[in-house]
1. How would you rank His6, His35, going from fewest to most other Cβ atoms within 10 Å of each one's own Cβ?
2. Is the chain rounded, prolate or oblate when judged by the Cα gyration tensor, a ≥ b ≥ c being the square roots of its eigenvalues, rounded requiring a/c under 1.5 and prolate requiring a/b larger than b/c?
3. Show which lysines lie in cross-link reach of Lys128 when reach means a straight Cα distance below 16 angstrom and same-chain residues fewer than eight apart are skipped.
4. Quick one: Karplus J couplings for the range 24-38, per residue in order, coefficients 6.51, -1.76, 1.60, θ = phi - 60°, nearest Hz, x for Gly and Pro?
5. Pairing the Cα long axis of helix 59-89 with the longest principal axis of the chain, what angle in degrees results, from 0 to 90 and rounded to the nearest 10?
6. In deg cm²/dmol and to the nearest 500, what is the mean residue ellipticity at 222 nm of the chain if only DSSP H runs of at least 4 residues count, each as -39500 (n - 2.57), divided by the residue total?
7. Could you work out which residue, out of Val22, Val119, Val39, moves most in a Gaussian network model of the chain, that is, has the largest mean-square fluctuation with Cα springs under 10 Å?
8. In a shell of Cβ-Cβ distance under 11 Å around Phe51, excluding Phe51 itself, what net charge do Lys and Arg (+1) and Asp and Glu (-1) give?
Amino acid sequence: MTIEEHVRAQTGLLLRRLAAQVNRAAKSCDKDAVHDLRVSIRRLSRGLRVFSQFYPEGSWKKSRRRLKTLMEAAGAVRDMDIAMDFLNDAGIGSSSPLVRRLAETRRARRRELAREVRVWKARGFSKKWRTTLGLSAITKA
């Protein structure tokens, strides 16, 4: 297997993992689902940048820009999770006005993320990106 074939196979794997996390987030935007979605976005994004020479010209940049939108939506939810965990660790209970305000903000951000995830699913991003990035049949194994 050439390095180009290996890169494309790994990209296909990362893309499948992202699709799985998008599906998971569509069902539940709990803390773990949001965290895992962000991890899968970050890994695919870094892979696209690092191995850009192996993709059709410009395709990797367009894909990374689209990933950024999803990452921002997931990041807004994750920020609330981290803040609430921090306050919990400091002994500030869920009845605190600050924690209640953060929880309400998280719910609003979660709704925004859920809308974004639905758009990604409706557009069938994974299949389209396979073509855009020039991933061969080898990545489907």
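1. His6, His35
2. Prolate, because a/c is 1.5 or more and a/b exceeds b/c.
3. Qualifying lysines at Cα under 16 Å: Lys61, Lys62, Lys140.
4. So the J values, rounded to whole Hz, are 5, 5, 5, 7, 7, 9, 6, 3, 5, 5, 5, 4, 5, 4, 4.
5. 20
6. Theoretical 222 nm ellipticity from helices: -27000 deg cm²/dmol.
7. Checking each option, the largest mean-square fluctuation is seen for Val119.
8. Spelling it out: positives minus negatives among the neighbours equals +2.
Every number here is computed from the coordinates shown, using simple stated rules; none is lab data. Worth saying up front: this structure is predicted, and the values here are computed from it rather than measured. Quick reminder, even Gly has a Cβ in these numbers, built from the backbone with ideal geometry, and neighbours come from all protein chains shown.
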